Amino acid sequence: MAAVACGGFTACNDTLDVVPLEYKEDPNFAPPHISASWGLEEHPEYAGNGVYTYKDIRYNNLFTRNLGWNGGDGVLTVGLPGGHVLWTFNDSFYGVLSDPETRTRGNCSFPRNSIMVESAVNGAPAGTEEGLHWMADWIQTDNPNAPGYYKARTHVDHPRAVSYNDDGIAQDYLYWSGDGTIVNGKLQLIWMGVHTPGNGDMLNQNAALATYSLEGQPGDPNYMKLESIDHNWIPENPYGYGSTLWEGEDGHLYLYSSTGNGQFLGNVPIVARTKGSDLTTGVEYYVPNDLGEMIWQDEYPSLLQAQNSGIAPDQGSITMPWVFKKGDYYYMLAQSFPFVPELVIMRSENPWGPFTDKAVLLKLPNPLDALQLGTYNHVYMLNYHPALARDGEIVISTNTDCANFWDNFNSPGSADWYRPFFYRIFKWERAFEN
């Protein structure tokens, strides 16, 4: 795909020609029915015949931006009533590109978390610039010649923060995105506490639970208004429970994460669950007891328990697990660890596992797209977006970083680092047939 030059201070929404698709004549491998308006381009690297993978050019363009938010990672979504979608971001760049034609990022603020709502059209996410409602705490948006134009501050601050930069953004303690759910017409959203002591470490701290109003429609004053936040929802959460969640049919919310298993470069998925049907009802953790039997316990796990709590035994090292259900199976999506550019899928009869039958579902190129100039350092945060699906497909995004953090600025293509790229995977169940 040719690189896209974007002019002006708007999102880059140029319409791209969709690459002609060719398929085998075997009816067992019949392609999905896809509208050209979806803006998909076939991505040939998939696991086995009959799985169809596409780059989502429409959403890639939507997040190729020149004004305001112009990069960020995290990139989680929560489906909201009416088909609207909440987007949350971790570290992000806000400001104005110094050269939109060459996609060069200049002086930006760097809020540690941010939120946006994509409104729905006919019950489905709009997928347009007009549908995006950025709820940033802007420094100023009126004077392009004054300091702070379209820069922003962090959405929610950590109460332990004591060190701030010149933009008033905390640097030592902060919140990054967790998952969320809808309870009694309100959004319950998890924020994961992180400590960055300045030596390159990123240490899990507490998990906070925020409640947001969904009164009205996106753009209304009370829509996504932060009503309350419990910073001690999980007072100390070193293993990151709540990074993702699944709303179980049994009345529990299942909270997933991944943590080191005590072996060199070993990483395993772990799970906890709520005692009731919302996030305020208390949490219990799935861990081995002294006899090695897996049980649900109220106490937060010890290091040894966490290391032995993996719910995908003998499936290798994986990170950022996402669980969903279709038919009789629960499926887990995850990235091979550490930073392997591939998405894997496993299945189980229970949301607590064991998850087995691992298959590679998607392999990612380097670079991800011609919009990126040069190869990336890491590909990370392969995040699942069920609220964006149109026909039962798996929708994921991923982020990449560059070898040197300062390459995010003042060089052609710098604004296409540290931003999401999107993929859609149709007929993904066939990965288990191959």
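The values are calculated or read from the model by the stated rules, or taken from the named source; none is laboratory data. Note that this is a predicted model, so its numbers are computed, not measured. Here the Cβ positions follow ideal geometry from the backbone for every residue, glycine too, while neighbour counts run over all protein chains shown. Areas reflect the complete protein model, heavy atoms only, side chains present, ligands, DNA and RNA absent. Shrake-Rupley method; radii C 1.70, N 1.55, O 1.52, S 1.80 Å.
Residues in the range 170-184 that are under 12 Å from Asp278 (Cα atoms) and not in a strand (DSSP E or B): Asn184 only.
When the residues of the range 252-279 are narrowed to those that are part of a loop (DSSP other than H, G, I, E, B) and over 22 Å from Ala387 (Cβ atoms), which ends up most open to solvent (accessible area, probe 1.4 Å)? Ranking the candidates gives Phe264 first.
Only one entry of Asp357, Asp314, Asp369 meets the criterion of being in a loop (DSSP other than H, G, I, E, B), more than 30 Å from Asn61 (Cα to Cα) and not hydrophobic (A, V, I, L, M, F, W, C), and that entry is Asp314. If you check Tyr384 against the conditions, is it hydroxyl-bearing (Ser, Thr, Tyr) and closer than 22 Å to Gly248 by Cβ? In short, yes.
How about the range 186-225: which of its residues are open to solvent by 50 Å² or more (accessible area, probe 1.4 Å) and either closer than 18 Å to Gly82 by Cα or of a type in the set (Ser, Thr, Tyr) (or both)? Lys186, Glu215, Gln217, Gly219, Asp220, Pro221, Asn222, Lys225, listed by residue number. Scanning the range 96-112 for any residue that is acidic (Asp, Glu) and open to solvent by 10 Å² or more (accessible area, probe 1.4 Å) turns up at least one such residue. Scanning the range 297-312 for residues that are closer than 17 Å to Asn237 by Cα and either of a type outside the set (D, E, K, R) or touching a Phe, Trp or Tyr at 6+ places or on another chain (Cβ under 6 Å) (or both) gives Gln297, Tyr300, Pro301, Ser302, Leu303, Leu304, Gln305, Ala306, Gln307, Asn308, Ser309, Gly310.
Evaluate the following for Ile139: is it without any contact (Cβ under 8 Å) to a residue 40 or more places away in the chain, crowded, with 18+ Cβ neighbours inside 10 Å and farther than 24 Å from Gly79 by Cβ? The answer is yes for Ile139. Taking the range 31-68 as the range and being hydrophobic (A, V, I, L, M, F, W, C) and modelled with pLDDT under 85 as the test, only Ala47 passes. The single condition from (1) assigned to a strand (DSSP E or B); (2) under 30 Å from Arg430 (Cα atoms); (3) more than 21 Å from the chain's Cα centre (by Cα) that Val78 fails is (3).
Under the condition of being under 16 Å from Tyr59 (Cα atoms), surrounded by fewer than 20 Cβ atoms within 10 Å (Cβ to Cβ) and hydroxyl-bearing (Ser, Thr, Tyr), the residues counted in the range 372-423 number 0. Evaluate the following for Asp179: is it of a type in the set (Asp, Glu), over 26 Å from Thr319 (Cα atoms), under 24 Å from the mean Cα position of the chain (by Cα) and surrounded by 13 or more Cβ atoms within 10 Å (Cβ to Cβ)? For Asp179, the condition - of a type in the set (Asp, Glu), over 26 Å from Thr319 (Cα atoms), under 24 Å from the mean Cα position of the chain (by Cα) and surrounded by 13 or more Cβ atoms within 10 Å (Cβ to Cβ) - is not met.
Among the residues in the range 291-306, are any under 30 Å from Val395 (Cα atoms) and surrounded by 20 or more Cβ atoms within 10 Å (Cβ to Cβ)? Scanning the range 291-306 turns up at least one residue that is under 30 Å from Val395 (Cα atoms) and surrounded by 20 or more Cβ atoms within 10 Å (Cβ to Cβ).
Scanning the range 390-406 for residues that are modelled with pLDDT under 90 and not small (Gly, Ala, Ser) yields a count of 3. Listed by position, the strands (runs of 3 or more DSSP E) inside the range 81-166 whose residues that are over 30 Å from Gly185 (Cβ atoms) number at least 3 are 92-96.
Out of Asp166, Asp172, one residue alone is modelled with pLDDT under 95 and not small (Gly, Ala, Ser). It is Asp166. Just so you know, in the range 372-392 the residues that are touching a residue at least 40 places away in the same chain (Cβ under 8 Å) and part of a strand (DSSP E or B) include one that is farthest from the chain's Cα centre (by Cα), and it is Val379.
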